[in-house]
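Undergrad: Below is the structure I would like to discuss, written out as structure tokens.
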Amino acid sequence: MKLFAKEVKKIVINNYEFLCVIDQRPEKDFISFKIYPSETKTSYFLIIFSWKINWVTNLYQPMVCAKLIHLAISTGWNYVY
């Protein structure tokens, strides 16, 4: 993992592949976590974190990515078109 980078992670949830784009470049005042459906990339779910969250949570861990995807789905995000 590079510090202060924009990175893409692939993860499969419910037999569906997602891309997690984690952007933590230093010129931004926040960390953005975007979830895209891998096949379409037509919609995404955006979560914004403060830099403080990075001290207690590793957003690059698969378990964290999976929980954030489940959160997005539970709030009504329609990732299948």
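The values are calculated or read from the model by the stated rules, or taken from the named source; none is laboratory data. Just so we're clear, the structure is a prediction, and the values are computed from it rather than from any experiment. Note: ideal-geometry Cβ built from the backbone for every residue, glycine included; neighbour counts use all protein chains shown. Side chains are part of the model used for accessible areas, which takes the heavy atoms of the whole protein and leaves out ligands, DNA and RNA. Shrake-Rupley method; radii C 1.70, N 1.55, O 1.52, S 1.80 Å.
Undergrad: Please find, within the range 36-59, the residue that is most open to solvent (accessible area, probe 1.4 Å) out of those that are of a type in the set (A, V, I, L, M, F, W, C) and either in contact (Cβ under 8 Å) with a residue 40 or more places away in the chain or in a helix (DSSP H, G or I) (or both). If you could, list the steps in order and put the result at the bottom.
TA: The initial filter retains those residues of the range 36-59 that are of a type in the set (A, V, I, L, M, F, W, C), namely 45-49, 51, 53, 55-56, 59.
When the remaining residues are screened for being either in contact (Cβ under 8 Å) with a residue 40 or more places away in the chain or in a helix (DSSP H, G or I) (or both), the result is 51, 53, 55.
On the way: W51: 71, I53: 48, W55: 219 Å².
It comes out as W55.
Undergrad: Which of the residues spanning the range 60-70 are open to solvent by less than 80 Å² (accessible area, probe 1.4 Å) and either outside any loop (DSSP other than H, G, I, E, B) or at pLDDT 90 or above (or both)?
TA: Those that are open to solvent by less than 80 Å² (accessible area, probe 1.4 Å) and either outside any loop (DSSP other than H, G, I, E, B) or at pLDDT 90 or above (or both): V64, C65, A66, L68, I69.
Undergrad: Go over the candidates K6, K52, K41 one by one and state the one that is of a type outside the set (F, W, Y), at positive phi and either at pLDDT below 85 or in contact with a strand residue (DSSP E or B) (Cβ under 6 Å, 6 or more places away or on another chain) (or both).
TA: Step by step, each of K6, K52, K41 is checked, and only K41 is of a type outside the set (F, W, Y), at positive phi and either at pLDDT below 85 or in contact with a strand residue (DSSP E or B) (Cβ under 6 Å, 6 or more places away or on another chain) (or both).
Undergrad: Right, next: Please verify whether I11 is surrounded by 11 or more Cβ atoms within 10 Å (Cβ to Cβ) and assigned to a helix (DSSP H, G or I), treating the condition exactly as stated.
TA: no
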